[in-house]
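Structure record follows, encoded as structure tokens.
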Amino acid sequence: MTRTTPVLEIEDLHVRYGGSHILQGVDCDVPATGVTALLGRNGVGKTTTLRAIIGLAPRTGRIRLHGREIQRLATARIVRGGIGYVPEDREVFGGLTVEENLRLVDPERGVDAPVVERLFPELVRRRGQRAGTLSGGQQQMVALARVLLRENALLLIDEPTKGLAPKLVTEVADVLAEVSRTTPILLVEQNLPLVRRIADRVVVLDAGQVVHRGAAAELVADVALTRELLGVSMRREGAA
Ligand SMILES: Nc1ncnc2c1ncn2[C@@H]1O[C@H](COP(=O)(O)OP(=O)(O)O)[C@@H](O)[C@H]1O
Ligand SMILES: [Mg+2]
């Protein structure tokens with residue numbers, strides 16, 4: 001097996017908020033292909049890890065993108081350097097149309113960009129609709145489309161299926177699977193059937209540290225381990 005350089009290398013990453021030591025020395029690599037799922041119970045530091053990578057949380061340690069250190073760069077530089085971030089709360093502009101939301105990122109093409117036409121035909125049909133009146137799933141598509149209008153070396157995507165109906169979970173999963181054929185993704189996701197379907201690897205956090213790394217299929221197949229690490233059993237989870 002050939003080993004390629006990871007797209008992202010994280011070493012001894014710490015985040016402190018006031019007196020709270022949230023990330024306590026996270027170490028992990030994100031390989032240059034496929035989906036790496038970042039898992040763990042609520043409150044263990046998954047969102048904080050993504051925010052630290054993109055420069056939105058105060059961090060120490062070392063983060064390398066394609067071998068270059070980025071831990072001291074501002075968010076705008078990191079984004080220009082090729083990391084796309086879709087936050088948990090999606091942050092679409094509800095008062096703007098789908099078209100206007102996308103043109104904020106890509107004034108020339110917006111909804112007419114080939115990637116939007118290919119992956120999000122529904123958004124093309126709804127281009128004139130205010131984003132605030134879209135369903136949660138459609139808003140997630142806007143948030144995803146917005147980052148995909150740029151060339152990304154890596155995508156950070158935080159709980160994209162949270163609160164979505166099962167049919168839309170499947171649609172979002174399909175889009176992520178398709179995107180991951182060309183762009184590596186670090187994905188925070190609670191839906192284990194979805195993780196099993198689209199993730200290659202998992203990194204599990206607990207109390208601000210990495211407690212498990214391995215193949216996604218192996219973790220999901222191990223009922224005792226998923227219960228121990230994630231506190232869930234497969235049966236409770238929805239469709240992927
Ligand atoms: N801006 C902040 N200020 C203080 N504490 C925070 C802040 N953001 C997150 N935390 C705390 O950090 C911990 C990890 O949060 P988070 O990374 O959002 O967890 P997860 O995404 O794994 O559910 C939680 O205890 C949360 O309350
Ligand atoms: Mg979170």
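FYI, it's all coordinate maths here, none of it is from the lab. All of these numbers come straight from a predicted model, not from anything done at the bench. Please note: Cβ atoms are built from the backbone with ideal geometry, for glycine as well, and neighbour counts cover all protein chains shown.
Just to be sure I understand: of the beta bridges DSSP finds with both ends in the chain, what percent are antiparallel, rounded to 5?
Once the DSSP bridges in the chain are tallied, antiparallel ones form about 60 percent.
Using only alpha carbon pairs under 8 Å that are at least six residues apart, calculate the relative contact order of segment 27-126 and give it in whole percent.
Dividing the mean separation by the residue count of segment 27-126 yields 13 percent.
Using θ = phi - 60° and the Karplus form 6.51 cos²θ - 1.76 cosθ + 1.60, what ³J(HN,Hα) does each residue of segment 184-193 get, whole Hz, x for Gly and Pro?
So the J values, rounded to whole Hz, are x, 10, 9, 10, 8, 7, 8, 7, 5, x.
Defining a contact as two alpha carbons under 8 Å apart and six or more residues distant in sequence, what relative contact order in percent does segment 11-56 show?
For segment 11-56, the relative contact order is 30 percent.
Rounded to the nearest 20 Debye, what is the dipole magnitude of segment 122-240 about its Cα centre when Lys and Arg each give +1 and Asp and Glu each give -1 at the C-beta?
For segment 122-240, the charge dipole is close to 480 debye.
Given charges of +1 on the Cβ of Lys and Arg and -1 on the Cβ of Asp and Glu, with all other atoms neutral, how large is the dipole of the chain about its Cα centre, in debye to the nearest 20?
I would put it at about 220 debye.
With N denoting the number of residues in the chain, provide Rg(C-alpha) divided by 2.2 N^0.38 Å, to two decimal places.
That works out to 0.99 for the chain.
Which whole-angstrom value gives the distance between the alpha carbon centres of segment 168-211 and segment 20-55?
Computed from Cα coordinates, the inter-centre distance equals 12 Å.
Charges only on Cβ, +1 for Lys and Arg, -1 for Asp and Glu: so what's the dipole of segment 146-187 about the Cα centre, in debye to the nearest 20?
The dipole of segment 146-187 has a size of about 60 debye.
In square nanometres, what is the average projected area of the Cα convex hull of segment 1-139?
10.9 nm²
At a threshold of 8 angstrom on Cα-Cα distance, excluding pairs fewer than six apart, so keeping six or more, what relative contact order does the chain reach in percent?
Rounded, it is 25 percent for the chain.
What's the Cα-based Rg to Rh of segment 41-104, Rh via Kirkwood?
Taking Rh as the inverse mean 1/r over Cα pairs, Rg/Rh reads 1.05.
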